[in-house]
Every structure is written in C-alpha cells, then in structure tokens.
Amino acid sequence: MRAIDLFAGAGGFSTGAVMAGCNVVWAANHWPAAVQVHANNHPDTLHLCQDLQQADWTAVPTHDLLMASPACQGHSRARGKERAHHDAQRATAWAVVSAAECHRPALITVENVPEYAQWLLYPAWCAAMNALGYALSPMILDAADHGVAQHRRRLFIVGTRSKHPISLSLPKREHVGSGQIIDFDAGRWQPIEKPGRADATLERVANGRQAHGDRFVTCYYGNERGGRSLSRPVGTITTRDRWAVIDGDRMRMFSVAECRRAMGFPESYQLPERQKDAMHMLGNAVVPIVARDLITAIRAAA
C-alpha cells in the first residue's frame, strides 16, 4: 500500500505506516527542521517543504492511503478559548480536502486533538469529505491502550470510499508504566531543595511522596497537584518539558530519549540535537504504534 503523509512533522504517522507494511512515497511539512528529520529517518520518501494550503496536488505521487495531522493549536484546550489568530492554523484542515479531491485515494486517516470535533467548521469539513464520496469513522484512541507508556487521547478520523463508515477491531493492550522508560542512572539531576524552587513544585513533590514514596513522576506545570506512580503511564508528552522524575532528594525533567520512548518511537529514531526542537517535534507527533495498529486494522477490514 502506497501512502502519503501531510503535516508529517517528525514522522510518527509515517513510521507507524511503515510498521504496518506501507510504503510512504511522499511527505510534506512547512518546517524545514521537521522535513530534515523526516528525511533522515525515511530516506526513500520524497519530501516537500511548503505551506500545504499552497501545494500543487497534481505533483504528488499516486497513493492508496492519505495520512494527515493538521495543526492542532487552534483546537487544543491547552490554548484556552478559540482565538481569531488561530484561524490560519485551523484552516490547514482544508488542505486534506484539496488533496482528497485531487487524488481520491481509497483510504484517508486524519489525526488531531479531540477538540477538533468541536470546531465550528467541523460539520462543514465533514460535509466536504462526504461530498467527495468518503464515509467518515471518527474514534478517540488513547496511546496507553496500545502498550505505550503514555496517556495520549487523540481523535482519529478514518475515511473510506464506501457507502457506510468502516468498522474496525483494534487491539487493547496492557498499560505500560513510566518506570519502564526511565533511566535513573542518566540525566542531569538537581536537588529538590534548592534556592528558587517554586512553592508549587515543592508542594507537588510532597504530595507525590506521601502517595507514592521516594520514586515517582510529577507534572512540572499544570493542574496536577501530586504525582504519578511509576506503574502508571505518564501523562501526555507536550511540545515543551513538562514531566519530572523524582528520586529521593533529587529531580530532573524527562530526557529526550525518555520522551521518545513514551511516544513509542524506535530507539534508533534520529531527532534534532537541540533539545527544544526535539521536544517540540515529539510533542506534536503521532504515536507510531497507534498509527500502526490503526492502519493494520484498516487494511484488515478494507
């Protein structure tokens, strides 16, 4: 099966598609650094660095599966209420319609945050896809249910050129705890009790110790007031450092390698040397194992 990847980012969708036996023939993104990372890890794929709302879809290779992860920033609750300056980001979803209109692939998969379905223009987007002959099957999947050490709920919309939406049978695997992806012998540790440490952080650590003992993970910012047991998946990996590891009287943020494991990328997957860029790409990525399971189920049902 030949696949293309729109808004490919670091390549989570592509990696999952390859795991499912697909040949990713083309991938595109507007950020040069992300395109380079994708090319480093998928050297046989053709790449385009461009605003996809300006793309010439006739130049894209023929394909059976269109994968797309339009910008989520205008929909995510992490960004608060909808704001006018996010209109351009939300509008990236229309590139999927344009690509589908040009090529009419047999299968389409779109990933976004669950709030995407609450977008004011979501019904119109669905109507456009329906007009092109696609029956849509939306589902919310949690990466933790696919054996990844992270709770990450995302909306996946499967489009098929059929009269009725496709019905899929997806595996539900045992949850993996964050303790399985953390290397306590690595990283840059700091004392918990140090000058300038925020009171809110100290309170979270104290609450976490009371609930989980000396070793646990905690959210460095946000609404979580305590910690999480190492037997539980960590919370969602975001585009900036969020999760801290507590070990006795020391703490540190998750490393890029640990976040890569939490996202389910292979250990050999190449990421930018600059931590800020690596974290940004990981936080925006599709979890490859979820993509693999979804595409495998689609191929079995199609």
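Within the stretch 151-195, the set of residues being open to solvent by 30 Å² or more (accessible area, probe 1.4 Å) and assigned to a strand (DSSP E or B) comprises R153, R154, Q190, P191.
The single condition among (1) part of a loop (DSSP other than H, G, I, E, B); (2) under 22 Å from L230 (Cβ atoms) that T201 does not meet is (1).
When you scan the stretch 215-235, do you find a residue that is over 30 Å from T160 (Cβ atoms), under 15 Å from the mean Cα position of the chain (by Cα) and either of a type outside the set (D, E) or open to solvent by less than 30 Å² (accessible area, probe 1.4 Å) (or both), even just one? Working first, answer last.
Of the residues in the stretch 215-235, the ones over 30 Å from T160 (Cβ atoms) are 215-235.
Going one step further and asking which of them are under 15 Å from the mean Cα position of the chain (by Cα), we end up with 234-235.
So of that shortlist, the ones also either of a type outside the set (D, E) or open to solvent by less than 30 Å² (accessible area, probe 1.4 Å) (or both) come out as 234-235.
Yes, because at least one residue in the stretch 215-235 is over 30 Å from T160 (Cβ atoms), under 15 Å from the mean Cα position of the chain (by Cα) and either of a type outside the set (D, E) or open to solvent by less than 30 Å² (accessible area, probe 1.4 Å) (or both).
In the stretch 222-235, the residues that are under 14 Å from H151 (Cα atoms) form Cβ pairs under 6 Å with partners that are in a loop (DSSP other than H, G, I, E, B), at six or more places apart or across chains, as follows: L230/G177; S231/G177; R232/G177; P233/A149; P233/H151; P233/H175; G235/H151.
Annotation: Q53 fulfils all but one of (1) at pLDDT 95 or above; (2) open to solvent by 70 Å² or more (accessible area, probe 1.4 Å); (3) not in a loop (DSSP other than H, G, I, E, B); the unmet one is (1). Whenever a residue of the stretch 47-73 is farther than 16 Å from R104 by Cβ, its partners that are of a type in the set (D, E, K, R) and in a strand (DSSP E or B), lying with C-beta atoms within less than 7 angstrom and at least six residues away or across chains, give the pairs S69/E111.
Scanning the stretch 90-111 turns up one or more residues that are at pLDDT below 95, out of contact with any Lys or Arg (no Cβ under 9 Å at 6 or more places or on another chain), open to solvent by 10 Å² or more (accessible area, probe 1.4 Å) and assigned to a loop (DSSP other than H, G, I, E, B). Filtering the stretch 34-46 to residues that are part of a helix (DSSP H, G or I) and touching a residue at least 24 places away in the same chain (Cβ under 8 Å) leaves A34, V35, V37, H38, N40, N41.
This table checks each residue for (1) open to solvent by less than 10 Å² (accessible area, probe 1.4 Å); (2) closer than 30 Å to I157 by Cα.
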{"site": "G213", "(1), (2)": "no, no"}
{"site": "V245", "(1), (2)": "yes, no"}
{"site": "D249", "(1), (2)": "no, no"}
{"site": "Y269", "(1), (2)": "no, yes"}
{"site": "D277", "(1), (2)": "no, yes"}
{"site": "R292", "(1), (2)": "no, yes"}
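Yes or no: the stretch 123-133 includes at least one residue that is of a type outside the set (D, E, K, R) and buried (at least 19 other Cβ atoms within 10 Å of the Cβ). Yes, the stretch 123-133 contains a residue that is of a type outside the set (D, E, K, R) and buried (at least 19 other Cβ atoms within 10 Å of the Cβ).
For D145, the criteria (1) within 18 Å of D64 (Cβ to Cβ); (2) part of a helix (DSSP H, G or I) hold in every case but one, which is (1).
For the structure I just gave you, tell me whether E267 is assigned to a loop (DSSP other than H, G, I, E, B), at negative phi, at pLDDT 95 or above and among the charged types (D, E, K, R).
Details: assigned to a loop (DSSP other than H, G, I, E, B): yes; at negative phi: yes; at pLDDT 95 or above: yes; among the charged types (D, E, K, R): yes.
Spelling it out, E267 is indeed assigned to a loop (DSSP other than H, G, I, E, B), at negative phi, at pLDDT 95 or above and among the charged types (D, E, K, R).
Here's a check for you: in the stretch 14-33, which residue that is out of contact with any Leu (no Cβ under 9 Å at 6 or more places or on another chain) and either in contact (Cβ under 8 Å) with a residue 60 or more places away in the chain or assigned to a loop (DSSP other than H, G, I, E, B) (or both) is surrounded by the most Cβ atoms within 10 Å (Cβ to Cβ)? Checking each candidate, the answer is T15.
The values are calculated or read from the model by the stated rules, or taken from the named source; none is laboratory data. Just so we're clear, the structure is a prediction, and the values are computed from it rather than from any experiment. No Cβ is skipped: glycine too gets one built from the backbone with ideal geometry, and neighbour counts run over all protein chains shown. Only protein heavy atoms, including side chains, enter the accessible area calculation; ligands, DNA and RNA are left aside. Shrake-Rupley method; radii C 1.70, N 1.55, O 1.52, S 1.80 Å.
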